[in-house]
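The values are calculated or read from the model by the stated rules, or taken from the named source; none is laboratory data. Model, not experiment: these values are computed from the prediction. Every residue, glycine as well, gets a Cβ built from its backbone with ideal geometry; the counts of neighbours run over all protein chains shown. Each accessible area value is taken on the protein alone, full model and side chains, heavy atoms only, with ligands, DNA and RNA left out. Shrake-Rupley method; radii C 1.70, N 1.55, O 1.52, S 1.80 Å.
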Amino acid sequence: MKMLIFGATGRVGQVLSHAAGEAGWELLTPSRGQCNLLHPTEVADYVLNSDAAAVVNCAAMARLEECEDEALNAHLVNAVSPAHMALACRHTGARFIHLSTDYVLEGKRPGLKDETTRCKPVNTYGMSKLEGECEVAETNDEALILRVSWVCGNPQRPGFVESSLQRALDGAPLAAVADQYSLPTHARDIARVILNMTPLNVTGVWHLTSTGEPVSRLRCVQIALEHAVTLGVLRETPPVDAQRLREVKFFRALRPVHTAMDNRKLQELGVIMPGVEECIRRAVENFFGHCA
Ligand SMILES: NC(=O)c1ccc[n+]([C@@H]2O[C@H](COP(=O)([O-])OP(=O)(O)OC[C@H]3O[C@@H](n4cnc5c(N)ncnc54)[C@H](OP(=O)(O)O)[C@@H]3O)[C@@H](O)[C@H]2O)c1
């Protein structure tokens, strides 16, 4: 059976493509050059002609500053094209799975948010992703929407955990945001859950993240460095400068502060998600395995 994966070169898409291939799926992984999400009708045609039994959308315009600067493109890539995928899947009968983000949440209040929490994004990226969720769900009521957060675990497409490990290895100064809270999600867990949920009759929005209480980016980096010491790759944990969100000069787009998601609905389905520390420890092991 054929699985069509959009965004197969991305942090999640690479890991999903590998896992889906191992699981026996025949893969169709169009590059941006072969199917550009800036052109939604071409995206719909691609799905209609693909003969895919499952379509997974891992593609997104995910850089926050770029979304602020190019809001129309963010709208096309993150909302209009996913809606066209959903519509095409409704016609072909293919299973459609769309990835979204904790940044659809406003994040004003601390604590875990479940799928019923009202969404109110604070930036263009979050708005375009929320619009994508709504359009996908309205267009195809059998679609599955998985919200993930702070993705780690793909050394070839480093996130903030991997970048910090690399800086520590290089002996470069380290800094991490101490006043933003969420939960990390390991890319391999995302791939595992997608493959497990593809044949299930489950639809709508699901929170897919590690299990635990909200953590700051700073704490995630500290857990990673501590584990690198345990593994013997670093001699000691280097100091990490605690930054405030509003001090990071590069950040022009607003960031939501408290977006940690409650994954209880997923766990009640029987899906086991690792705790925060285990999630990060595995990302560290993947990173050093990759370096070796
Ligand atoms: N990374 C995170 O921490 C995080 C957190 C929350 C939610 N998410 C969500 O998780 C999903 C996967 O994110 P990711 O981190 O894997 O993203 P990523 O690493 O930035 O990859 C994005 C993918 O989308 C493709 N893409 C972007 N614009 C395109 C266009 N116009 N036409 C065709 N393809 C295009 C990219 O192709 P190129 O290789 O050609 O650029 C790449 O394959 C997204 O829905 C994202 O919103 C991610």
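So here's what we get for this one:
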{"read-out": "Charge context of residue 260, other residues only, Cβ under 10 angstrom, K/R +1, D/E -1", "value": "-2"}
{"read-out": "Heavy atoms of residue 15 accessible to a 1.4 Å probe, total area in Å² rounded to 10", "value": "20 Å²"}
{"read-out": "Gyration tensor (Cα) of segment 64-106, equivalent ellipsoid semi-axes in angstrom", "value": "24, 13, 6"}
{"read-out": "P(r) histogram, all alpha-carbon pairs of the chain included - 10 Å bins from 0, percent", "value": "7, 29, 36, 22, 6, 0"}
{"read-out": "GNM result for the chain, Cα springs below 10 Å: residue of 34, 180, 14 fluctuating most strongly", "value": "34"}
{"read-out": "Per residue solvent-accessible surface (Å²) - the chain, probe of 1.4 Å", "value": "46 Å²"}
{"read-out": "Using a Förster distance of 22 Å, the FRET efficiency for residue 166-residue 9 (Cβ separation, nearest 0.05)", "value": "0.65"}
{"read-out": "Extension gain (nm, one decimal) between residue 39 and residue 116, 0.36 nm per residue minus Cα-Cα", "value": "24.5 nm"}
{"read-out": "Under 23 Å, Cα to Cα: Lys pairs in the chain, sequence gap 8 or more or different chains", "value": "9"}
{"read-out": "265, 249, ranked by accessible area, largest first (probe 1.4 Å)", "value": "249, 265"}
{"read-out": "Among 116, 209, 230, residue whose mean-square fluctuation peaks in a GNM of the chain (springs only between Cα atoms under 10 Å)", "value": "116"}
{"read-out": "Area accessible to solvent at residue 251, 1.4 Å probe radius, in Å²", "value": "70 Å²"}
{"read-out": "Nearest-10 value in Å² for the accessible area of residue 90, using the 1.4 Å probe", "value": "140 Å²"}
{"read-out": "Label zone at residue 246 (point 7 Å along Cα-to-Cβ), backbone N below 15 Å, segment 139-181", "value": "178-180"}
{"read-out": "Percentage relative contact order, segment 132-189, counting C-alpha pairs under 8 Å, at least six apart", "value": "39 percent"}
{"read-out": "In degrees, nearest ten, helix 217-230 long axis to first principal axis of the chain (Cα)", "value": "70 degrees"}
{"read-out": "Percentage, to the nearest whole number, of Cα pairs in segment 1-114 over 19 Å apart", "value": "47 percent"}
{"read-out": "Contour excess over end-to-end distance, with Cα ends at residue 269 and residue 70 and 0.36 nm allotted per residue", "value": "67.8 nm"}
{"read-out": "Residue 2-residue 231 pseudo-label distance in nm [points 7 Å out on the Cα-to-Cβ vector]", "value": "3.8 nm"}
{"read-out": "Sum of side-chain charges, residue 30 neighbourhood, beta-carbon under 15 Å (Lys, Arg +1; Asp, Glu -1)", "value": "-2"}
{"read-out": "The chain - mean residue ellipticity at 222 nm from DSSP helices (-39,500 (n - 2.57) per run, n ≥ 4, rounded to 500)", "value": "-12000 deg cm²/dmol"}
{"read-out": "Net charge of Cβ neighbours under 9 Å - reference residue 90; Lys, Arg +1; Asp, Glu -1", "value": "-2"}
{"read-out": "Antiparallel bridge percentage (DSSP; both residues within the chain; nearest 5)", "value": "10 percent"}
{"read-out": "Surface share of carbon and sulfur [accessible, 1.4 angstrom probe, percent] for the chain", "value": "49 percent"}
{"read-out": "Candidates 171, 153, 21: whichever shows maximal mean-square fluctuation once the chain is modelled as a Gaussian network with Cα springs under 10 Å", "value": "171"}
{"read-out": "Residue order for 106, 226 - accessible surface, 1.4 angstrom probe, largest first", "value": "226, 106"}
{"read-out": "Probe 1.4 Å, all protein chains present, accessible-area order of 113, 108, largest first", "value": "108, 113"}
